[in-house]
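The values are calculated or read from the model by the stated rules, or taken from the named source; none is laboratory data. Computed from a predicted model, the values in this text were never measured in an experiment. Here the Cβ positions follow ideal geometry from the backbone for every residue, glycine too, while neighbour counts run over all protein chains shown.
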Amino acid sequence: MTQSPLATYQPEQRALALIGGEATDTNLRRYLQGIPGIDAVGLEARAADLGTRSIKTSSKRWAIDTIIGLIDLTTLEGADTPGKVRSLVAKALVPDPGDPGTPRVAAVCVYGDMVGAAVTALGSAHAAAGETEGSGVQGVRVAAVATAFPSGRASLAVKLADVRDAVAAGADEIDMVIDRGAFLAGRFGQVYDEIVAVKEACRRADGSMAHLKVILETGELNTYDNVRRASWLAILAGGDFIKTSTGKVAPAATLPVTLSMLEVVRDWHRLTGVRIGVKPAGGIRTSKDAIKYLVTVAETVGEEWLTPHLFRFGASSLLNDVLLQRQKMTTGHYSGPDYVTID
Amino acid sequence: MNRLAIPKTYKLYIGGKFPRSESGRVYEVLSHTGDFLANAAKGSRKDARDAVVAARNALGGWAGATAYNRGQVLYRIAELLEGRRAQFIAEIMSCEGVNAAVASAQVDEAIDRWVWYAGWADKYVQVAGNANPVSGPFFNLSVPEPTGVVAIIAPQGTESLLGLVSAIAPALVAGNTVVVVANENAPLSAISLAEVLATSDVPGGVVNIVTGSPTEIAPWLATHADVNALDLVGAGDLDWVELQISAADTLKRVLPPETGADAAAPALNRILAFTEVKTVWHTKAIL
């Protein structure tokens, strides 16, 4: 395959070249609404079909350990305390005290004001910024939700201050929400500019960047076509990851929605050679569900996406179910909820 | 003119629903003369696992219901059994090869036993609990509480309905939820009892009935970490010592197999076997 000229462009130039001009409402609307629509029935059938794969024995063992390593262990409650964050971090580091061979999760995901508590609790286990894979024991990253999560209904200045606070406190990753109101009203330029501004706010004092995950909140976008457009918009604007949901709106992540986002990521990779990450979040509670997502990722964008840099699960209760499955595979008998921590 | 018979294929009873076995297997239920009676689902270890999940989810509601309410719900089962007498008698006659009088006597005794146990629901705590004498100004009270999820291997011999009732009723009285592996050769009573339970006031998941091979399923229940107690009353023909040993790994309460005419005879001790004693201290008011 010949490399597209887009691959050689700087990210901003690339977006402008694709949109065909400045990122104005008119240009973006022309571009995004020119994207072919989605065959909803076909998409759901494809997702259902991928969900029927049978993953057993050694493959399941591999899948379970992979899932643990891809989890963003999350607590996003109004009632979060530093103590709750500390116990979350303890669980992230040693998911199953009965089996020290259990891999660590990829990251902990907390509200911005809890980043400090999470970083302190992680201590030396905190993945240093810019750390690469393969450097021995995997560090755990700290992700913070920001930009007036979960509704995103605040002024840009407030959202940017929210992001800067979290980055300054030591967050490695920022999970921002897009302004769904603006998106649904067709003000694509505003959504685009916000993502660009938030991305800039992710810059640390030393010039390095916190990873930016863009939450589309697909449960509020109503159609698969809108999900596809929002995915393109987020990637054009410079998001490193696209994430389905906040977990505060039902429906949260579903397999068809994630599949449609993965298709955008696959197309973007073909177009530019750049790999964008995907994070389904909310509503994934069982190992069985999570394995369906692994299959979908491997079949849509390829197995190289199954690393923490390119795929994550946003989940809180998923980890316990995966640990129960893992214990079942290790001991040969069924385990129970008494053998994993409550939170 | 002869009507074409409609052979039935029964399903499991898990979480208040009637699912097919996850494995898709069925086995033939034969009459005492070897004629085909029906197909029953041949439950697998995964069906047992699902049943334990359902039982665990139902435990809070059932154990938390008032004793009086549990008694009423159990009594209601006896009422429904009474209404289905004819069906149970016909099934017992075809499965066990007994005459109508014997079958009828078995059904009567099963119904009486439900009523007897139902009456205990709001009384056993008074009998088994205690206000303990202590040397201080305290009340010291011991009360029995349900153990949790009880896995039962139903009696496998004759008297299929009476055996099943004698095993599950006492476990339910205290507020336990049960997963029962039915009589393998004569499962029709268990299946019909499931239909009775589904139309009674028993919340879904309180009783879960898995038909199939106890030899295959029992080891998975004995080792299951989310099962709190194991009643091996009908496991006499299995390697039940091995089952006891594996149950000990997760500290389950275990009842041994019973055989003979008075197996699982009605007794307060069968209720108390699946209870845990909680003792609380409380200061006395000093006036």
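Tabulated data
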| item | result |
| --- | --- |
| Count - residues of the range A:327-343 that are more than 9 Å from every other protein chain (Cβ to nearest Cβ), touching a residue at least 40 places away in the same chain (Cβ under 8 Å) and either of a type outside the set (D, E, K, R) or touching a Gly at 6+ places or on another chain (Cβ under 6 Å) (or both) | 4 |
| Verdict on residue A:338 being assigned to a helix (DSSP H, G or I), surrounded by fewer than 20 Cβ atoms within 10 Å (Cβ to Cβ) and of a type in the set (Asp, Glu) | yes |
| Segments classed as helices (runs of 4 or more DSSP H), wholly inside the range A:1-74, with at least 1 members that are under 24 Å from residue A:196 (Cα atoms) | A:11-19, A:25-33 |
| The range B:227-245 residues that are within 14 Å of chain A (Cβ to nearest Cβ), paired with ones that are among the β-branched types (Val, Ile, Thr) and not in a strand (DSSP E or B) (beta carbon under 7 Å, 6 or more apart) | B:227/B:52; B:228/B:147; B:229/B:147 |
| Selection from the range B:176-193 of residues that are more than 14 Å from every other protein chain (Cβ to nearest Cβ) and within 27 Å of residue B:145 (Cβ to Cβ) | B:176, B:178, B:180, B:181, B:193 |
| Some residue of the range A:309-326 being free of Cβ contacts under 8 Å to residues at least 24 places away in the same chain, more than 14 Å from chain B (Cβ to nearest Cβ), closer than 20 Å to residue A:257 by Cα and surrounded by fewer than 22 Cβ atoms within 10 Å (Cβ to Cβ) | no |
| Condition check for residue A:152: in contact with a helix residue (DSSP H, G or I) (Cβ under 6 Å, 6 or more places away or on another chain), on the phi > 0 side of the Ramachandran plot and in contact (Cβ under 8 Å) with a residue 12 or more places away in the chain | no |
| Matching entry among B:277, B:196 (being more than 14 Å from chain A (Cβ to nearest Cβ) and assigned to a strand (DSSP E or B)) | B:277 |
| Meets criteria (over 21 Å from residue B:177 (Cβ atoms) and under 18 Å from the mean Cα position of the chain (by Cα)) for residue B:79 | yes |
| Single unsatisfied condition, residue A:300 versus (1) at pLDDT 95 or above; (2) more than 14 Å from chain B (Cβ to nearest Cβ); (3) closer than 26 Å to residue A:140 by Cβ | (3) |
| Hey, residue A:260 within 16 Å of residue A:106 (Cβ to Cβ), of a type in the set (Ser, Thr, Tyr) and away from chain B (no Cβ under 14 Å) or not | no |
| Flag for residue B:191 being more than 11 Å from the chain's Cα centre (by Cα) and in a helix (DSSP H, G or I) | yes |
| Unique match (being of a type outside the set (Gly, Ala, Ser) and either part of a helix (DSSP H, G or I) or out of contact with any Asp or Glu (no Cβ under 9 Å at 6 or more places or on another chain) (or both)) among B:203, B:257 | B:203 |
| Residue under evaluation residue A:110, criteria (1) closer than 20 Å to residue A:138 by Cβ; (2) part of a helix (DSSP H, G or I), criterion not met | (2) |
| Residue list for the range A:60-90, filter: surrounded by fewer than 23 Cβ atoms within 10 Å (Cβ to Cβ) and either among the charged types (D, E, K, R) or without any contact (Cβ under 8 Å) to a residue 24 or more places away in the chain (or both) | A:60, A:61, A:62, A:65, A:77, A:78, A:79, A:80, A:81, A:83, A:84, A:86 |
| Unique match (being more than 18 Å from residue B:187 (Cα to Cα), buried (at least 18 other Cβ atoms within 10 Å of the Cβ) and among the small types (Gly, Ala, Ser)) among B:67, B:48, B:63, B:121 | B:121 |
| Residue list for the range B:262-287, restricted to those being among the hydrophobic types (A, V, I, L, M, F, W, C) and either surrounded by 11 or more Cβ atoms within 10 Å (Cβ to Cβ) or under 19 Å from the mean Cα position of the chain (by Cα) (or both) | B:263, B:264, B:265, B:267, B:268, B:271, B:272, B:273, B:274, B:277, B:281 |
| Residue B:76 closer than 22 Å to residue B:218 by Cβ, in contact (Cβ under 8 Å) with a residue 12 or more places away in the chain and surrounded by fewer than 22 Cβ atoms within 10 Å (Cβ to Cβ) | no |
| Count - residues of the range A:1-46 that are small (Gly, Ala, Ser) and over 25 Å from residue A:300 (Cβ atoms) | 4 |
